Amino acid sequence: MKIDILTLFPEAFAPLETSILGRAEENGILEFNVINIRDFSKDKHKKCDDYPFGGGAGMLMTVQPLFDAINSVWTENSKIIFPSPVGKTFNVKKAQELSKFDHLIFVCGHYEGVDERIFQLFDIEQISIGDYVLTGGELPTMVIVDCVARFVDGVISKESLESESFSNGLLEYPQYTRPQEFKGLKVPEVLVSGNHQEVEKWRQEQSLSRTQERRSDLLEDR
Ligand code: ADE
């Protein structure tokens, strides 16, 4: 999967080179391309923002550099995403859907927003990562990219995806590793019993009770 990220702050994306995503790129499964929107500005000072018509707080990103930046990477098969608090809320279903594309283009907004005409010029899906406002689209892009990448074949094991939170509509069960006892706290007996059926039953019960206690809304959606 090719992922182009258009931003005024390319340095914000250094974390993509680390850990699981970095390895996926080294293995040729993912290809990241971070592009500076400012390089496309036709303004003599490379300006990419201006005052909103009609007045109001702050500055908006101008449409020309955005249009040219998107155009430089767009093909018929591209899916364009603009992280924004006005989009539908991101979830695991959306992540799985996006993981099926061969090419994603993320456009990171900054300042108070962007000139609305960019949404008339391209088919762009706006996605929110939650009901709060961040200073720009860089962190939400990172969140969405990270989550989507996990569903791309070969990035992480299928087994990990199957047992994690939300995969079956429930939160994941608690887990333990060595030592078996720490500061008087013991690992639940069933997990060291060697009885796989009992372990599975315990995990299902834990998943359900955790979900009931912390996220009963997930049970209503099942
Ligand atoms: N940009 C600023 N806030 C955001 C949010 N909550 N989700 C996605 N993009 C954003």
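A few comments on the model shown:
- Treating r as the C-beta distance of Phe119 and Glu172 and R0 as 45 Å, the FRET efficiency rounds to 0.75.
- Of Lys94/Lys158; Lys42/Lys79; Lys2/Lys158; Lys47/Lys94, pairs whose Cα-Cα distance is over 27 Å: Lys47/Lys94
- Gap separating the Cα centres of the range 103-133 and the range 3-66, nearest whole Å: 12
- Label-to-label distance, Met59 versus Glu112, with points set 7 angstrom from Cα along the beta-carbon direction: 1.3 nm.
- Plainly put, the range 159-219 has a radius of gyration that is 1.01 times its Kirkwood radius, both from alpha-carbon atoms, as the Rg/Rh ratio.
- Helix-only arithmetic for the chain: the sum of -39500 (n - 2.57) across DSSP H runs with n ≥ 4, divided by the residue total, places the mean residue ellipticity at 222 nm at -9000 deg cm²/dmol.
- Annotation note: trypsin sites (Lys or Arg not before Pro) in the range 64-161 located in DSSP loop regions with a Cβ neighbour count of at most 14 within 10 Å are Lys100, Arg117.
- The chain - convex hull of alpha carbons, volume per residue in Å³: 182
Values quoted throughout were computed directly from the atomic coordinates according to the rules given, and no laboratory measurement underlies them. Keep in mind that this is a model prediction, so the values were computed, not measured. Counting neighbours? That spans all protein chains shown, and the Cβs are built from the backbone with ideal geometry, glycine included.
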